[in-house]
Amino acid sequence: MATYKLPYFGKITLSEDDYCEIGNVDINNSSVSITIDCMGETPSKAQGTAIEQLLAHLPELDQQIRNEFIKVYRSGEESMVKDYVQIVEEMADEQGEELLTALELTNLNILTSGTEFAIFDYALPEITDEILVVRMDKERKIKSFMIYLL
């Protein structure tokens, strides 16, 4: 069991059974719920440092992800980002890149074990129940995009 001083959470102790949640965190003008799930294992010092670094750079990571949405959308390749736009365009006033720009970061789930370290949920809550999910590894690199229905 280790104690960490984490951005947004303050001083917390993380052990194998911990599930920490904080709501209404303002990240780039979006109200975000952040959870840390220890998934039955006490986080190592390296995992604690990775959590601290992710949270410390959250506004920049959000912007990085938003830039990647546009880059992937503009590419000539099929992608979950393009699929999301096609699904939601029928319900939204915005189209294409405007729709991607309007997405709100709503949730961040940090998982201390496994290949997925951080899962970011982006949505248009007033328009659709479809969410665009971004999965990131411990090195803060985007691993995949997924579409889910709430």
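The values are calculated or read from the model by the stated rules, or taken from the named source; none is laboratory data. Not measured: the values here are computed from a predicted model. Please note: Cβ atoms are built from the backbone with ideal geometry, for glycine as well, and neighbour counts cover all protein chains shown. Side chains included, ligands, DNA and RNA excluded: accessible areas come from the protein's heavy atoms. Shrake-Rupley method; radii C 1.70, N 1.55, O 1.52, S 1.80 Å.
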Place a +1 charge on the Cβ of each Lys and Arg in region 36-150 and a -1 charge on the Cβ of each Asp and Glu, then give the dipole magnitude about the Cα centre in debye, rounded to the nearest 20.
700
Enumerate the calculated ³J(HN,Hα) couplings along region 84-93 in order (Karplus 6.51 cos²θ - 1.76 cosθ + 1.60, θ = phi - 60°), each rounded to whole Hz, writing x wherever the residue is Gly or Pro.
4, 4, 4, 5, 7, 4, 5, 9, 9, 6
Cα shape, region 68-134, gyration tensor, a/c 1.5 rule
oblate
Given points 7 Å out from each Cα along the Cα-Cβ axis, report the T42 to Q63 separation in nanometres with one decimal.
3.9
If you consider only alpha-carbon coordinates, what radius of gyration and Dmax does region 1-129 have, in Å?
16.5, 49
Can you put L55, L150 in order of accessible area, largest first, using a 1.4 Å probe?
L150, L55
First check a/c for region 16-68, with a ≥ b ≥ c the square roots of the eigenvalues of its C-alpha gyration tensor; if it is under 1.5, answer rounded, and if not, answer prolate when a/b is larger than b/c or oblate otherwise.
oblate
Expressed as a whole-number percentage, the relative contact order of region 1-59 with C-alpha contacts under 8 angstrom and at least six residues apart is 35
Evaluate the relative contact order of the chain (contact order divided by residue number), counting alpha-carbon pairs under 8 angstrom at least 6 apart; express in whole percent.
19
Net +/- balance of residues flanking G96 in space, Cβ distance below 15 Å, scoring K and R +1, D and E -1:
-3
Per 0.36 nm of contour for each residue apart, how much would the distance between A92 and Y19 grow if the chain were fully extended, relative to their Cα-Cα spacing?
22.8 nm
Can you send over the carbon and sulfur percentage of the accessible area for the chain, probe radius 1.4 Å, protein chains only?
46
Given a cut-off of 23 Å, name the pairs among K11/K141; K71/K143; K5/K71 whose C-alpha atoms lie farther apart than that in the structure shown.
K11/K141; K5/K71
So if I place +1 on the C-beta of Lys and Arg and -1 on the C-beta of Asp and Glu, and nothing else carries charge, what would the dipole magnitude of region 1-101 be about its Cα centre? I want it in debye, nearest 20.
560
Computed E for D83/E126 - FRET, C-beta separation, R0 25 angstrom, nearest 0.05
0.75
Rounded to the nearest 10 Å², the accessible area of D26 at probe 1.4 Å:
110
Please give me the summed charge of the neighbours of S79: other residues whose Cβ is under 11 Å from its Cβ, Lys and Arg +1, Asp and Glu -1.
-1
